[in-house]
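Some notes on the structure that comes next.
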Amino acid sequence: MGHTKDFFKIKKGWSLQKDEIFDRYLVPYIAKILKTRRPLVIIDCFAGKGRFDDGHTGSPIIIANHIRSVLANDNQNKDIRGLFIERNYTKELETNLRGYENCEVLPGTFEENIGKILALNSRCNLFLYIDPYGIKCLDFQQFERIKAKNFSSLEMLLNFNSFGFLREGCRLLKLNYESLFSDDQSGDEYELDEANTKERMNNIAHGEYWQSIIDDYKNDKIGMFRAEELFLNEYVKQIKNLFTYVVNIPIRLESGNIPKYRLIFGSNHQEGMILMADSMSRIWNELKNIQRCGQKVLFECEFPDSSIQPGFDLKEGILNVLKEHKKSLPLQELLVKLFEKYGIAFSKKEYEGKMKEMEGNQIIIDREPAYTEGGRKATALDYRKYKITVSVKC
Ligand SMILES: C[S@@+](CC[C@H](N)C(=O)[O-])C[C@H]1O[C@@H](n2cnc3c(N)ncnc32)[C@H](O)[C@@H]1O
């Protein structure tokens, strides 16, 4: 197990990827959200130093650079700012953010700064980047309080150490957790907290469900792989009380292993969800190809596609989702359901390409209006231009 004190020495593995995903997503997100003509506040809730000791940029500098480029461009809406909450490295963070406009460091813990978040004008669009070391600071109630403020829009990207939660759960429920996790070579930065309690874990999980999952594991009813999956399904149900649309991406450090992390994205807007899932899918595939070509070893993680088994037929996958929803769905909603079910295994373009192949055969696609302005039959799958419904062909 790694030590949190070494976290900022070298930026490696999963830290590189998650920030890259976040960085690339911010471009379309910021462009789109500023068009609402409302203020945008991006909050890095566990910000860190801003820069790693090896020179790599951390999430605060990534956010600050996006803010800088909005301010430098001729955007109509420049009402964008970043808030950076950090408990331990406030001084380093302030130094690293020097010269960046509209960026403010908020010293202290996430919990201590909730009041400042709640004091923001509810006209704001809010984006929360939540990247803690472990799980112990993720009291669910804080998310509920933010949600209750009814910001103009609220989106969240959470790096959730599900494996760390189960490890801590096993310890508290007095399982022989040391041997269970002894093969853990992940180099996770995980803060053990002897003062932790079951009640605190209930607050993090937003329920007691995790205890019966660990009991089932203890009684050999399920393996750890299944335990992680069940736990995550329940946790995502809780997150669904906060966000209408949730996509969760299991991150395995080695192929076939139990996911160590889950990258969880929540949004209340179909468009926000499609934008994030599509951009994550494209970025992940690009990174994978770069690595495959041996140009650069960016990560040692396995592609996150838990629901996709070898031989998976995407046509069947699309039909199954339609059948689960009365055999017919508006295109935008269908895309959201596909991302929710299959994670980021496929991009929007891949889904749309497959639907075009299926059109007239397995599915019917209705467009309204049915003709283009030039009088030709509409064929595009553009839900911004047409009202599009996709149905299973009887
Ligand atoms: C995983 S690091 C964040 C890394 C950062 N996202 C990056 O890319 O550079 C987590 C950070 O949260 C800080 N931290 C720990 N507990 C905290 C809390 N309760 N509230 C706010 N920050 C906390 C740690 O000092 C550490 O800098």
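Any read-out appearing in this document is the output of simple, stated calculations on the displayed coordinates, not a laboratory observation. Predicted, not measured: the structure shown is a model, and the values here were computed from it. Because the Cβ atoms are built from the backbone with ideal geometry, glycine has one as well, and the counts that use them run over all protein chains shown.
Here are some notes:
- Scope the stretch 82-110; condition in contact with a strand residue (DSSP E or B) (Cβ under 9 Å, 6 or more places away or on another chain) and within 19 Å of Val70 (Cβ to Cβ); matching residues: Gly82, Leu83, Phe84, Leu97, Tyr100, Glu101, Asn102, Cys103, Glu104
- Residue selected from the stretch 75-98 under the condition more than 24 Å from the chain's Cα centre (by Cα) and closer than 21 Å to Ile30 by Cα, by the criterion surrounded by the most Cβ atoms within 10 Å (Cβ to Cβ): Leu97
- From the list Asn121, Asn113, the lone residue that is within 14 Å of the ligand (Cβ to nearest atom) and among the polar types (S, T, N, Q) is Asn113.
- Yes/no for Leu319 being within 26 Å of Gly266 (Cβ to Cβ) and touching a residue at least 24 places away in the same chain (Cβ under 8 Å): no
- Unmet criterion (only one of (1) of a type outside the set (S, T, N, Q); (2) under 19 Å from Gly48 (Cβ atoms); (3) outside any helix (DSSP H, G or I); (4) under 21 Å from the mean Cα position of the chain (by Cα)) for Ile117: (3)
- Options Gly343, Gly360; residue that is among the small types (Gly, Ala, Ser) and closer than 25 Å to Glu286 by Cβ: Gly343
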